[in-house]
Amino acid sequence: MSVANDSKFRLLRTKRGLNFYRNLVLLNRLQNQAYSSIFTPIILFSLECLIQVGAYCVIRLHKKMDFFNFLFSSSIFISAVVVLIPIVLEMCSIYCYSSKFKCLTNILVHRIKSKHLRNVYRQNLNSFRILCCEVGNFYPMENRAQLTLLDTTLHGIVSTLVMLS
């Protein structure tokens, strides 16, 4: 066993890792119930709208605008993209890290020699929920949802360009 695996095994054996994960599950559930139904969709939708309006102004109206308006609309577009991408990536990484932690902990549980202790850890581990950031009450943000968000944003830009041309 390497040093990293040994330290993970020690962390698992002292129950700190499982207790820490249990606290994270409670905080995640509180965040999903308090903020995800209202604030997360509003933030994502407003950033998508800013991206669509900024892209429309940059692509279609760049010849009709003076330099200041073009610079303003392109800065809105770029800043919305720069803000949206880290938010979505961080929301997806929470799901990925938590599922990885659960898989790695499950592997470490199988290495425990005591059958009783192994069963206790396995029951605790099975009762844990995977952490995720929910978007409204519909779906958690994971890699597929990230691609769906990117797809709807690009389709929105294309639809806006086609409709208003």
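Each value in this text was obtained by applying a stated rule to the coordinates, not by laboratory testing. Keep in mind the model is a prediction, meaning the values are calculated, not measured. Reconstructed Cβ throughout: ideal geometry from the backbone, glycine too, with neighbour counts over all protein chains shown.
Before moving on, here are some points about what is shown:
- Ranked V158, V82, V109, criterion: other C-beta atoms within 10 Å, fewest first: V82, V158, V109
- Comparing the chain with the 2.2 N^0.38 Å rule of thumb, its C-alpha radius of gyration ratio is 1.46 (two decimals).
- Placing unit charges on the Cβ atoms only, positive for Lys and Arg and negative for Asp and Glu, gives the chain a dipole magnitude near 1380 debye about its Cα centre.
- Remark: L154, L50 ranked as L154, L50, counting other beta-carbon atoms within 10 Å and listing the fewest first.
- Restriction of the chymotrypsin sites (Phe, Trp or Tyr not before Pro) in the range 65-165 to DSSP coil positions whose beta-carbon has at most 15 other beta-carbons within 10 angstrom yields F138.
- By the count of other C-beta atoms within 10 Å, a proxy for reagent exposure, M91, M163, M141, M65 are ordered fewest to most as M163, M65, M91, M141.
- Farthest toward positive dipole pole in the chain [+1 Lys/Arg, -1 Asp/Glu at C-beta], among S74, I59, H116: H116
- Gain on full extension, evaluated as 0.36 nm per residue between L150 and V162 minus their Cα-Cα distance, stands at 2.5 nm.
- Mean ellipticity per residue at 222 nm, deg cm²/dmol - from DSSP H runs of n ≥ 4 across the chain, formula -39500 (n - 2.57): -26500 deg cm²/dmol
- Relative contact order [Cα under 8 Å, 6+ residues apart], the range 3-159, whole percent: 33 percent
- Amide proton proximity set for V135, modelled H, under 5 Å, gap of 5+: M141
- Seen against the Cα atoms of the chain and their longest principal axis, helix 16-31 is set at about 30 degrees.
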